[in-house]
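In what follows, a single structure is set out as structure tokens and then discussed.
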Amino acid sequence: MNTNIKTLILLGAVILLTSCATPKKQETLTGGSKTSQTVQQVIDELGLVYVEEGANSIITYDEVNAAQQAWCDALVKIGKLKEEGGDYKAYAEQVLSEAYNYDYGKVFFKPTLAFGDQTFRNDKKGALAYFVGGDPDYPNDKGFALTPWVKARYDNTGDHNEGIQIYGSVAITMGNVWVTDKTGKEVMVDKTWVFKKGKDGKLRIIVHKSALPYSPSIK
């Protein structure tokens, strides 16, 4: 076989391989490009420094702030329902299902006034007992939400949204929550939340740590 024939055969093989491979490559890029561009746009707008690999959605600051305010509003409503003779326990269970991740996976919850071997409430039963009391398995719980609190507000550390870290479908907040009782007395607690965005687009709490501020003794 002379050199010219060999060259033609090789050239034909290269053209055939290229024509077969190119459409597949384009198809792969096209299939994921829309999601990639959308996610990247949000990453750029929020100035995020890290996003989990394969993230299909990004939590926004507005969503995080709305979830925090919803938690504050729900706390007040539980106590209000109790005062009005409503089914406050059923509502509290609803809040735990909608605002927390108990029905979908793990939740790490350390309430403000929990202690000893019941410090951490990693299941819905323990969380419900903390908020509304009445569970013989948690005899020290009187129902934190039943005070009742007439007002609740939150404030993340720093200015604007500096107290929120967003990592794709997970967001972390750190700051304070203030709750006010019927006498006007206001109590402040230190608060850390971690939210995860579900496949249905809703934010749910996967970590909740609350504690009273440290006050050094006066000598």
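Name the chymotrypsin sites (Phe, Trp or Tyr not before Pro) in the stretch 80-120 that are in a loop by DSSP and that have at most 16 other C-beta atoms within 10 Å, would you?
Sparse-neighbourhood loop chymotrypsin sites (Phe, Trp or Tyr not before Pro): 104, 115, 120.
Which GluC sites (Glu not before Pro) in the stretch 37-145 pass both tests, a DSSP loop state and at most 14 other beta-carbon atoms within 10 Å?
Taking the stretch 37-145 and a limit of 14 other Cβ atoms within 10 Å, the loop GluC sites (Glu not before Pro) found are 52, 53.
Which pairs break 27 Å Cα to Cα here: 151/199; 185/209; 82/106; 125/197; 182/202?
151/199; 82/106; 182/202
For a protection proxy built on the mean count of beta-carbon atoms within 10 angstrom, sort 37-44, 210-217, 182-189, 142-149 highest first, please.
Packing order, densest peptide first, comes out as 142-149, 37-44, 182-189, 210-217.
Taking a ≥ b ≥ c as the square roots of the eigenvalues of the Cα gyration tensor of the stretch 127-208, is the shape rounded (a/c under 1.5), prolate (a/b larger than b/c) or oblate?
oblate
Laboratory data are not the source of any read-out in this text; all were calculated from the coordinates shown. This one's a predicted model, so the numbers in the text were calculated from it and none came from an experiment. Positions of Cβ are backbone-derived with ideal geometry, glycine not excepted, and every protein chain shown enters the neighbour counts.
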